[in-house]
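Note sheet for the following structure.
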Amino acid sequence: MKFSFYHLNLPEGKVKYNDPILLDLEKKFSPKKFTPYFAEFVKESFEKSDAIAIFADSILDLLIEDIEKLETRFERTDDPKEKELIRKSLAHLEKEKPLCDLSISSDEEKIMNMIAPLSWKPTLPLNEKEPNVNELIRKLLDKAGYSFFYTAGKQEVRSWLIKKGSDIVSCAGKIHTDLAKGFIKADVVNYSDFKDLHNLQEARSKGVVKLVDRDYIIQEGDIIEIRFNV
């Protein structure tokens with residue numbers, strides 16, 4: 001994902017996320033290949049980013065752009081639903097809060113997506129100008145509604161980014177399209193149950209590995225192994 005930042009002392013470019021779960025899995029499995037997650041930080045490119053990190057004292061610089069855009073839109077639209085949403089949005093912005101924190105209906109979300117104000121993107125105000133980069137990555141992903149699942153074995157240990165609420169078949173498809181097409185079931189153990197164990201065989205013997213069907217919703221920290229047939 002691409003994160004933009006404003007008035008913060010952060011590196012530009014791709015930054016490795018030192019995920020404590022992934023690092024522990026690397027120690028346990030000693031894989032031939034280790035694939036961590038990399039986030040990309042860009043300075044002030046709000047329109048091109050997936051989420052925004054901004055120094056809290058500077059948030060008005062961002063929100064004023066949204067206020068001006070919404071006021072212009074209000075004058076041009078004849079749609080009463082859109083006008084009402086804009087009124088609600090302007091009242092929220094006047095409280096110096098980003099629009100991503102505004103609670104609206106699914107129909108209103110469609111209108112907001114069409115208008116696309118900047119702070120409708122996941123926006124994270126920060127009180128410190130030099131935040132810890134890895135903590136910031138975690139917070140931004142959480143704000144944007146994403147989490148990790150993991151695959152672990154002697155060949156490779158890897159983290160995979162997925163939208164929260166995704167089912168196991170979507171996760172299988174992230175790994176390889178054949179796994180989604182031929183999905184039968186999946187073995188799942190959450191890291192909270194695995195952290196004190198050494199391998200998947202021990203996890204199975206302890207009874208903490210679940211066999212799940214295609215409707216299983218992935219949980220933060222799940223380690224998965226897909227059973228498939230193509």
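The values are calculated or read from the model by the stated rules, or taken from the named source; none is laboratory data. What you see is a predicted model, and the numbers here were worked out from it, not measured in a lab. Cβ sites come from the backbone with ideal geometry, for glycine too, and all protein chains shown count toward neighbours. Protein only, heavy atoms only, side chains kept; ligands, DNA and RNA dropped before computing areas. Shrake-Rupley method; radii C 1.70, N 1.55, O 1.52, S 1.80 Å.
Brief remarks follow.
- Being surrounded by fewer than 16 Cβ atoms within 10 Å (Cβ to Cβ), closer than 15 Å to residue 149 by Cα and of a type in the set (Ser, Thr, Tyr) is a condition met by at least one residue of the range 184-201.
- With respect to the conditions (1) surrounded by 14 or more Cβ atoms within 10 Å (Cβ to Cβ); (2) under 17 Å from residue 37 (Cα atoms); (3) without any contact (Cβ under 8 Å) to a residue 40 or more places away in the chain, residue 158 lacks only one, and its number is (3).
- Pair list, Cβ under 7 Å, 6 or more apart: the range 12-31 residue over 21 Å from residue 49 (Cα atoms), other residue among the aromatic types (Phe, Trp, Tyr) and part of a loop (DSSP other than H, G, I, E, B): 19/37
- Considering the range 66-89, the residues that are open to solvent by less than 30 Å² (accessible area, probe 1.4 Å) and in a helix (DSSP H, G or I) include one that is farthest from residue 54 (Cα to Cα), namely 82.
- The range 91-116, residues that are closer than 29 Å to residue 8 by Cα and either surrounded by 15 or more Cβ atoms within 10 Å (Cβ to Cβ) or at pLDDT below 95 (or both): 92, 93, 97, 98, 99, 100, 102, 112, 115
- Extreme residue, nearest to residue 159 (Cα to Cα), among residues of the range 217-230 that are assigned to a strand (DSSP E or B) and open to solvent by 90 Å² or more (accessible area, probe 1.4 Å): 227
- Among all positions in the range 206-216, there is at least one residue which is out of contact with any Asp or Glu (no Cβ under 9 Å at 6 or more places or on another chain), open to solvent by less than 80 Å² (accessible area, probe 1.4 Å) and touching a residue at least 12 places away in the same chain (Cβ under 8 Å).
- Selection from the range 119-143 of residues that are closer than 29 Å to residue 226 by Cα and open to solvent by less than 10 Å² (accessible area, probe 1.4 Å): 137, 140, 141
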